[in-house]
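Notes follow the structure.
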Amino acid sequence: MKVSDIISKQYNISKRLAKKYLKERRVSYQGKIVKDDYIVDQFDDKFVLEVSCPDIDFNLKDFLLDDLGDIIFFYKPPFMHTERHKPTDELCLSDILNNEFKDFRFISRLDFETDGVIAAIKTGYQPVKVHKRYRAWVKGILNEIIIFDKKIDANKRKKVSIIDEKGDNFLRIKPVKHYTFYTLVDVGIDFAHRHQIRAALSYLNFPILGDKLYGDGDYERLLLQCYFTEIDGISICLDDIRPELSIASLQNFQ
């Protein structure tokens with residue numbers, strides 16, 4: 001175990017960021033600056049990251065949708081990280097999980113501006129089948145169901161691209177309704193690669209409203225929402241539990 005491993009675990013940040021802080025001389029041990037990412041025999045909580053971290057304060061009822069034993073469903077609001085990127089970030093969903101349900105881990109994540117259902121499973125539980133459904137408002141009029149099965153190239157850190165080859169994880173994109181020049185689409189998927197839905201809809205010339213990275217940033221937020229998740233036959237639908245959070249009516253966002 002290296003110092004960066006300890007900092008990563010202790011402060012709930014990536015190892016990449018932990019190494020960056022070490023390089024910047026922002027890690028100390030018993031009052032002395034740590035200059036190298038050396039190996040230690042065991043976990044030691046005396047390593048200190050010299051940055052100002054915000055207080056973790058939250059009301060669990062605002063985020064907990066249902067606790068079903070081995071599976072817990074949470075709601076992640078828009079403009080909130082699923083996992084902590086930096087110690088200086090505001091409250092993120094993993095803070096809540098780590099404080100209240102230490103034996104659980106998230107099975108997926110949602111982008112910063114995307115809201116919706118996120119599931120966490122208990123340590124040792126291995127889900128067999130997962131299915132999720134998203135809704136999004138896209139620019140343009142879509143009138144037919146599209147089965148999108150092209151590969152995703154996620155080698156670039158920020159933005160993924162579509163490869164014109166058949167992949168193994170398809171999207172079922174269904175138009176639900178129209179409003180002026182926009183379409184509400186329902187997207188079904190078993191496992192979402194990073195930015196897969198956003199990149200696919202942009203590739204099809206139906207960019208999601210508010211998507212500054214993939215083509216239509218003329219909106220205050222990304223209008224993408226994970227409203228349904230099913231794990232091994234256990235499901236939850238945001239419309240049934242928190243219907244006021246639905247983005248199905250674009251008029252609500254004018």
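Would the range 3-49 count as rounded, prolate or oblate if I go by the C-alpha gyration tensor, calling it rounded below 1.5 in a/c and otherwise prolate when a/b exceeds b/c, oblate otherwise?
The shape class here is rounded.
Quick check: the distance between the Cα centres of the range 65-111 and the range 1-59, to the nearest angstrom?
21
Give me, ordered by chain and number, the residues 5 or more places off Ser108 or on other chains with an amide H under 5 Å from its own placed amide H.
Ala119
For Cα pairs less than 8 Å apart in space and 6+ apart in sequence, what is the mean separation divided by the residue count of the range 104-203, i.e. the relative contact order in percent?
So the answer I get is 27 percent.
Answer with a single label: of (i) 70, 63, 35; (ii) 64, 38, 37; (iii) 52, 45, 35, which was calculated as Cα extents along the principal axes in Å from the structure in view?
Computed from the coordinates, Cα extents along the principal axes in Å corresponds to (ii).
Pick from Ile162, Ile39, Ile56 the residue whose mean-square fluctuation is largest in a GNM of the chain, springs joining Cα atoms under 10 Å.
Comparing Ile162, Ile39, Ile56 in a Gaussian network model of the chain, the most mobile one is Ile39.
Please state the shape class of the range 182-254: rounded when a/c is under 1.5, otherwise prolate if a/b exceeds b/c and oblate if not, all from the C-alpha gyration tensor.
Cα axes put the range 182-254 in the oblate bin.
Could you pull out every residue, at least 5 positions away or on a different chain, whose amide H is within less than 5 Å of the one on Phe79? Hs are placed 1.01 Å off N in the peptide plane, and Pro or chain starts have none.
It is Glu113, Thr114, by chain and number.
Can you tell me the relative contact order of the chain? Whole percent, Cα pairs under 8 Å, sequence separation 6 or more.
15
Output the relative contact order of the range 167-248, whole-number percent, from Cα pairs under 8 angstrom with separation of 6+ residues.
Dividing the mean separation by the residue count of the range 167-248 yields 14 percent.
Bear in mind these aren't lab numbers, they're just calculated from the coordinates by the rules spelled out. Keep in mind it's a predicted model, so treat the numbers as computed, not measured.
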